[in-house]
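Asks: Dropping a structure here in structure tokens format, bear with me for questions.
The values are calculated or read from the model by the stated rules, or taken from the named source; none is laboratory data. All values reported here derive from a predicted model rather than from experimental measurement. All Cβ positions, glycine included, derive from the backbone under ideal geometry; neighbour counts span all protein chains shown. These accessible areas exclude ligands, DNA and RNA; they are computed on the full protein's heavy atoms, side chains included. Shrake-Rupley method; radii C 1.70, N 1.55, O 1.52, S 1.80 Å.
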Amino acid sequence: MGCSINKMDGTIKNDVYSLIEYDYDGIIGVEAATSYWGLSTFNPAIPIFLFNDDNAEENGLFVESSLSVLFVPNVNMDNLVELSEHLRITDPEQTVCDMIRYNRHEFHLFETLISAYSGMVNIEKLESLANYYNIYDKMQKLYKEALEVEEEG
């Protein structure tokens, strides 16, 4: 896997902006994408790259390396934004759906849903994608839970 090396101390730099500079060939998704789009305050040290694998379970299969890799079924190639010539990232609406589809960490998922419904994404597109993935009801349930948690906090 490619990555950017810090010339000062030789450490690996995996942040999104280093990967853009390196022009890594891949698709950034889930928590790293929520951070990039400002949907979440989470800033992962190692971005998650999505790889299309129709044999993967719906929740995906992780592979540990210098970059986190998540093998998942049905990576939607229509909802990607180019960050550089070869590096792509899921768009905000796809990112929200992927957070739900791949059962990401509740805190970051709740924060992402609240941000999304606060006007940070195209709600019509989000709900259309959620219907496409058959997760609309789950998304609505999680959003209500997120609001309840936010009210308690």
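Asks: Between the range 99-153 and the range 21-56, what is the separation of their alpha carbon centroids in Å?
Replies: 18 Å
Asks: Please list 97-109, 81-93 highest first by mean number of surrounding beta-carbon atoms within 10 Å per residue.
Replies: So the peptides 97-109, 81-93, ranked by packing, come out 97-109, 81-93.
Asks: Quick one: which residues, 5 or more positions from L80 or on another chain, have an amide H under 5 Å from its amide H? H modelled 1.01 Å from N in the peptide plane, none for Pro or chain starts.
Replies: D91
Asks: Also, I was wondering about something else. Which of the peptides 113-119, 143-149, 22-28 is most tightly packed, and how do the rest follow, going by the mean number of other Cβ atoms within 10 Å of each residue?
Replies: 22-28, 113-119, 143-149
Asks: Using a 1.4 angstrom probe with every protein chain in place, what is the largest-first accessible-area order of M139, M77, M120?
Replies: Ranked list, largest accessible area first: M77, M120, M139.
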